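Trainee: Pasting a structure here, questions to come.
The values are calculated or read from the model by the stated rules, or taken from the named source; none is laboratory data. This is a predicted model, so every value here is computed, not measured. Because the Cβ atoms are built from the backbone with ideal geometry, glycine has one as well, and the counts that use them run over all protein chains shown.
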Amino acid sequence: MSNLSKSLSVSLAGFILLAGFSAFTQDKTKKVPNKLRSATITAILTDAEYSKDFVVVPSEELAKSEYAGILKFYTENALKSLNMTPRAEGKLKVTIDLQVTQMKRKQVIYSMVATEGGKEKWRVSSNCTAALKLETDSLLPGLVACALSHVGQTKTSPLMNLGKYPQYLTAVYGEK
């Protein structure tokens with residue numbers, strides 16, 4: 001075997017290894033294109049007096065999920081767009097959760113519950129149904145954007161068309 005073919009073989013093997021390992025070290029804050037068109041939102045404001053300093057904490061179940069990092073990223077961006085400030089020791093603890101159920105169609109529910117000093121201040125959940133073949137991560141930016149539109153309110157929207165409100169999706173992605 002010639003030196004050229006040996007070096008090509010080594011280069012090809014190295015490329016395959018790098019490509020394989022990169023799949024396991026996926027960026028947890030990578031922007032995924034949104035595929036969500038509409039969602040149902042439920043919001044409850046328990047106490048209108050709450051701190052603007054917050055910390056986002058994934059629920060126990062979500063923390064074990066592959067979606068924890070990206071959902072935390074989207075949620076922090078969303079709350080920052082409401083002139084709230086993320087802090088490591090924020091007074092307002094925003095617990096996020098995600099539930100995915102699959103039957104004939106996929107149902108995805110995203111929720112945020114804000115507490116301060118152990119007392120609930122507000123909660124928002126957004127949910128949608130989608131085809132089973134649709135990747136869950138492509139629905140997440142839209143679900144967070146729909147929930148963002150109802151933070152700090154008591155309101156139920158049977159169907160929110162996200163296409164009418166692109167500013168919420170822009171906020172979730174952290175763009176100006």
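Trainee: Kindly list, by first and then second residue, each pair from a residue in region 54-76 that is closer than 24 Å to Thr170 by Cβ and touching a residue at least 24 places away in the same chain (Cβ under 8 Å) to a residue that is polar (S, T, N, Q) and surrounded by 21 or more Cβ atoms within 10 Å (Cβ to Cβ), limited to pairs with Cβ atoms under 6 Å and residues at least 6 apart or on different chains.
Mentor: Val56/Thr75
Trainee: I've got another one for you. Any residue that is exposed (fewer than 12 other Cβ atoms within 10 Å of the Cβ) and of a type in the set (Asp, Glu) - is there at least one of those in region 162-176?
Mentor: Within region 162-176 (the criterion being exposed (fewer than 12 other Cβ atoms within 10 Å of the Cβ) and of a type in the set (Asp, Glu)), the answer is yes, since at least one residue qualifies.
Trainee: Also, quick follow-up: Hey, among Val108, Val32, Val113, Val56, which residue is modelled with pLDDT under 95 and either surrounded by fewer than 19 Cβ atoms within 10 Å (Cβ to Cβ) or not in a loop (DSSP other than H, G, I, E, B) (or both)?
Mentor: The unique qualifying residue is Val32.
Trainee: Have a look at Thr95, Thr101 and point out the one that is part of a strand (DSSP E or B) and exposed (fewer than 14 other Cβ atoms within 10 Å of the Cβ). Before the answer, list the steps.
Mentor: Details: Thr95 fails: exposed (fewer than 14 other Cβ atoms within 10 Å of the Cβ).
Result of the check over Thr95, Thr101: Thr101.
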